Amino acid sequence: MMKGKVDPLMRDRIALKRRESYDRIAAKLNSNGVDVSVAGAATLFDKKRKPHLEKFLEKESVEVKDMATYLYEESCRKVDQARLKGANTIRHCPFTIRLSALLARKLGQSDGLHELLCKTFRLPTLPTVRKYSSPGAHEPDGIQYEALQKRSEEFASKKPDAGSRDWSRFGSLAFDAMYTRDGVVQDYHTLEVVGLTNDYFNEDIVKSQLGALSDQANADAEDENANDDDASPIEDSADTNQAAVIATSTTNSSNNEPTKVAVSASKTKSDFGADNYPSVGKQFLAFYFTTLDSTFKMQFMAARYSVASLDGDFMGSKIDEVIVALAMHGFIVVMTGGDGAAENRFALKARAYISAKDFFATYKETLADFIDYDIVGIMPDLPLAFHHPVHTDILIFVGGDMPHAIKKFVNALEVSGWPSHSRNLRFRGQKLSLQMIERCWVKSGDASIDKVTLRKYKKSHDHFNRDSYSRLCVWLAVNIPSQDSIKCIKDNCDKDLGGMKVYGPLVEVLESLDRLIDIVNCTRMNGVKYKGCEPIDHPLHPHIFELLSTVKLLTEWKDDCGGFTDEFLADSTYEDFCWTILSIVGVAFCYLDGLDRSMYQGRTGSDICEHLFSLLRSGNPNPNLGACRNAASKSNSGMDSFLFRTRSKSNSSGAKRKPEDFLRPMPKKSRLSGKDSFWDLES
């Protein structure tokens, strides 16, 4: 196959993006004095540039007071020239970018005045300015105070009349971590070494290490004083290449006089121990804050860390620090959660001292008129909430992550009934397994590849012949508890498969979880089908009772199996479902008044963290911590839309091919590569 020729216009674009060499820039400055395409405000009026500027003013007959006008006209000319040459990305000069950024800071971004001025005077718009002014790009690991300050100012410009307890300030704190490539890299802007663990420089860890040195010093001093009353502190020796490090001052028990104690600190790693040296970060931990108000959205990274390993104590301390930092900048956390990792569960359970039974006991009488079951009886004995460390009258609920819970449920269905696995799900006396849905799908004829037929159901072999990749795909998992699976079962479960007597309990569970997915995602329309889900705006909203019915069903299933046995889900899966549901219900009971407050429940969970990690892996399957920091800075600059694009390499987007892809016409061949853009994916 012949390769396509490179378009001349594409060649011009590539040439335009190439930076000019130093010699050519110097030649331009010597001949013209100023080049607005490469010169910034600092270089225009620098002392070193003064001779060139004087030469330029003489040649062009431009006065100093007219310099700004000339720069603006030259910048507009450069923009028109770049547009005519076909440049789509780099059009504006540093002068116009700085001018637009200054106007955005002075005028704000809420009333549209900045956008009007940009269109009138051909200045770069806010998305372009944010690419060059992203906060937190080179900020040290930890809480992103610069980004928090920027977001606080942006909130004040958009909501000037919002009070300190305005609903638009309330939000959810999500956190998650991903493994990165080992090794340290250098930030060429700040000359900072990136890649060392953040916890090594933690104040508590440093104090514990100094305390250990102090205890050892005291023990050595006591032994030495016991042998010689006139013993002096340890002196450093040049021939042993050791440094005397004074650890602390102790008191001599014999005469109550202060005695200096020194520790002989060797330069070898064996004398200190491996824990006393900086370790290289292996995981990138991100904290994202998202507002819950359905009429106002603000989403940004609040903190990021480089850690060698995660544990519950470290996660818990960082959660508290981020919540306090957000409160100091005007943002109130009322829900927090991550995926089902062990360290996340430990940290959340250690903080949540209000159980689900205790919380819903206060609403038992209120709900008695609307439900026919005991609300406290269906509640699990699970930690659910704790008080805000700053706003002590506000409760923070422990939230779950719905996509992770659904994936764990489908994985349990897959291994149910395997001879090599102990899991054997049963509900109301009937077996539950993924193979039951597969038998109905095979019976429908969609699994046949002998002839070309229109598919009746949105299923493929990837749903049932699962591997390590497909088990992590969210879109494959959520398609199992769906109306498509329920229709497939009802259409094909005849007497040979046992009928609805065998499949009835499975359909009941699938219907409940399908409704849970729609409510959490606020799905109003799914294609042409009306789902009717909307943001929750009242404590007694119909979605609240639908969510509680799912908890009731799961609790009945657990009690029917005698607890957490092999016939029921794992305890972590059950807890994830309960946290996902009860956190939404708890926020509705405490903060929604049925008047002007509404919660978009689709912003709960840790989806934003997964989308960030998906972005990182799409460009580099094994990124280092420097790449993670750069991507995080882009998300903090307001460039959020690119985080939600479908990527073939990401586990949170989609598989390589979907069933409906086989019904589409073949796409046109690429002009550059000569290959089919879709059908050559496998090659």
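With within 20 Å of Lys407 (Cα to Cα), in contact with a Leu (Cβ under 8 Å, 6 or more places away or on another chain) and open to solvent by less than 20 Å² (accessible area, probe 1.4 Å) as the only criterion, which of Ile480, Ile489 stands out?
Just one listed residue meets the conditions, Ile480.
If you take just the helices (runs of 4 or more DSSP H) that sit entirely in region 404-490, which of them hold at least 2 residues that are polar (S, T, N, Q)?
The qualifying helices (runs of 4 or more DSSP H) are 434-444.
Mind listing just one residue for me: the one in region 164-201 that is in a loop (DSSP other than H, G, I, E, B) and modelled with pLDDT of 90 or more and, of those, least open to solvent (accessible area, probe 1.4 Å)?
It comes out as Asp166.
So which residues in region 387-416 are without any contact (Cβ under 8 Å) to a residue 60 or more places away in the chain, open to solvent by less than 20 Å² (accessible area, probe 1.4 Å) and of a type in the set (D, E, K, R), if there are any at all?
Within region 387-416, just Glu414 meets the criteria.
Counting only residues that are in a loop (DSSP other than H, G, I, E, B) and among the hydroxyl-bearing types (Ser, Thr, Tyr), which one in region 281-324 is nearest to His538 (Cα to Cα)?
Restricting to residues being in a loop (DSSP other than H, G, I, E, B) and among the hydroxyl-bearing types (Ser, Thr, Tyr), the top hit is Ser294.
Restricting to region 556-603, give me the number of residues that are assigned to a helix (DSSP H, G or I) and over 31 Å from the mean Cα position of the chain (by Cα).
The total comes to 5.
Quick one: is Ser512 touching a Pro at 6+ places or on another chain (Cβ under 9 Å) and either at pLDDT below 90 or not acidic (Asp, Glu) (or both)?
Criteria met by Ser512.
Here are Ile394, Ile378: which of them is more than 19 Å from Phe564 (Cα to Cα) and of a type in the set (Val, Ile, Thr)?
When all the criteria are applied, what remains is Ile394.
Which ones in region 498-527 are open to solvent by 40 Å² or more (accessible area, probe 1.4 Å), over 15 Å from Val478 (Cα atoms) and in a helix (DSSP H, G or I)?
Met500, Lys501, Val502, Glu508
Which condition from (1) closer than 23 Å to Leu612 by Cβ; (2) in a loop (DSSP other than H, G, I, E, B) is the one that Val390 breaks?
(1)
Just one of (1) open to solvent by less than 30 Å² (accessible area, probe 1.4 Å); (2) free of Cβ contacts under 8 Å to residues at least 24 places away in the same chain trips up Lys495, so point out which.
Only one criterion in (1) open to solvent by less than 30 Å² (accessible area, probe 1.4 Å); (2) free of Cβ contacts under 8 Å to residues at least 24 places away in the same chain is unmet by Lys495, namely (1).
If you go through region 343-386, how many residues are within 18 Å of the chain's Cα centre (by Cα) and open to solvent by 30 Å² or more (accessible area, probe 1.4 Å)?
1
The values are calculated or read from the model by the stated rules, or taken from the named source; none is laboratory data. Keep in mind it's a predicted model, so treat the numbers as computed, not measured. We place every Cβ from the backbone using ideal geometry, glycine too, and count neighbours over all the protein chains shown. These area figures cover heavy atoms from the full protein model, side chains too; ligands, DNA and RNA do not enter into them. Shrake-Rupley method; radii C 1.70, N 1.55, O 1.52, S 1.80 Å.
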